C-alpha cells in the first residue's frame, strides 16, 4: 500500500527524513486565503486507496485547525484508504478540568473534533496531567512517540557526568525515564505556583550529587520562569551551571534570555516545534514509529 505525506507545517528537514524513512510520496496541494479570510484548498496529488499522513505543527493551533480538518475531510472524499495525523506537539491539553463554572474544557472538545476528522493520531509526550491516557478523550487509535530516548542520546553525547533534574513533580515521568536510559541519577524539585507567572522552587537534593552536571528536563517550557527559578537556586547552592532541556519549546520571546540570565550554560529543546534551540532530533523516532505502527492497519 502506497503512502502519501501531506505537510501542513513541519520543517523541510523533518519531512525529508520521514519521506525517506517510510518510502512515502509528498503530496502537492494548493492552499490560499480569500480576502474575506476563508480558506481555499486544492489537492493535486492522487490519493485514492492510499494511506495518507497529515503532518501538522501544533503551535498557534487556532490559525491552522480548520485547514487540517478541511484537508482530512477532502482526503476521505477523494478516496484515501486512511487519513492519519502526525502532530509532534499536541495542543489543547492545558484545560483538562472546569476550574470555574462556565469554563470550557477545551481538551475534550479539541479531541472530539480531531477524532471526527482523522482515523488515527501520533504525537510526542502530550501534557497528560489529569488524564491517564489520550484514550480518555480521543476516540481514534493514538500512539505516543516518547522523546526520552532522543534526549538520552543527546545527553550521553553532550553532557559529562550528568544528573537529571525535574523542576516539579509533573516532570518526574520524563526525568526518571531519561535518567534510566542515560544510566545516571535523578532528582525532582518541588514547585509552588501563585498565579500564571509567579513560581517558587525548593531543592530536596543530595550533597553527593554536587559534582555532577545538572540537566533540567521538562515537557513544556513556556515563560521559563519555573526553570529559571530552579537554575538560580541550583547555582546559589553551589551547583554547576545547569543545562536546560524542554521537549516542546513553546518559548515566549524572553524565555531563552531569562534562562541564560539565570545562569543556564545551555538551553536545548526537541524538534517537535521549529526553534533555534531544537538540537535534539526525533525525526528518526517518528519515522521508525510510523514503520512499526499498527495504527494504519486498524483503519
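No value in this document is a laboratory result; all are computed from the given coordinates. Computed from a prediction, not measured in an experiment: that's the story for all the values here. All Cβ positions, even for glycine, are placed from backbone atoms using ideal geometry, and neighbour counts span all protein chains on display.
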State, as an integer percentage, the relative contact order of the stretch 148-280 based on alpha-carbon contacts under 8 Å between residues 6 or more apart.
-> 21 percent
What is the extension gain from residue 109 to residue 19, computed as 0.36 nm multiplied by their sequence separation minus the C-alpha to C-alpha distance, in nm to one decimal?
-> 29.3 nm
Quick one: order 170, 136 by neighbouring beta-carbon count within 10 Å, fewest to most.
-> 136, 170
Residues of the stretch 4-20 with amide N under 19 Å of a point placed 7 Å along Cα→Cβ from residue 69 | 8-9
If one compares the long axis through the Cα atoms of helix 65-77 with the longest principal axis of the Cα atoms of the chain, the angle in degrees, nearest 10, works out at 40 degrees
Estimated inter-spin distance, residue 161 and residue 208, nm [label 7 Å along Cα→Cβ] | 1.6 nm
How many percent of DSSP beta bridges within the stretch 148-280 run antiparallel, rounded to 5?
-> 15 percent
In the stretch 1-131, what percentage of the DSSP-assigned beta bridges are antiparallel, given to the nearest 5?
-> 25 percent
Estimated [θ] at 222 nm from DSSP helical runs (n ≥ 4, -39500 (n - 2.57)) normalised by residues in the chain, nearest 500 = -9000 deg cm²/dmol
By counting other Cβ atoms within 10 Å of each Cβ, how are 5, 169, 53, 44 ranked from fewest to most?
-> 44, 169, 5, 53
So for R0 = 22 Å, FRET eff. of residue 60-residue 30 from the Cβ-Cβ r, to 0.05, ends up at 0.50
Residue 237 to residue 170: extension gain in nm, 0.36 nm per residue of separation minus the Cα-Cα distance?
-> 21.8 nm
Hey, quick one: spin label on residue 48, modelled 7 Å out along Cα-Cβ, who in the stretch 64-89 has an amide N within reach, i.e. under 16 Å?
-> 75-82
Sequence of 134, 90 once ranked by neighbouring C-beta atoms within 10 Å, starting from the fewest = 134, 90
Percent antiparallel among DSSP beta bridges confined to the chain, nearest 5, equals 20 percent
Relative contact order, percent, the chain [alpha-carbon distance under 8 Å, six or more residues apart] | 14 percent
In degrees rounded to 10, the 0-90 angle between helix 148-158 Cα long axis and the longest Cα principal axis of the chain is 50 degrees
Efficiency by 1/(1 + (r/R0)^6): what FRET value for residue 40 and residue 291, r their Cβ-Cβ distance, R0 = 30 Å, to the nearest 0.05?
-> 0.30
Between 0 and 90°, nearest 10: helix 225-236 axis offset from the chain longest Cα axis | 30 degrees
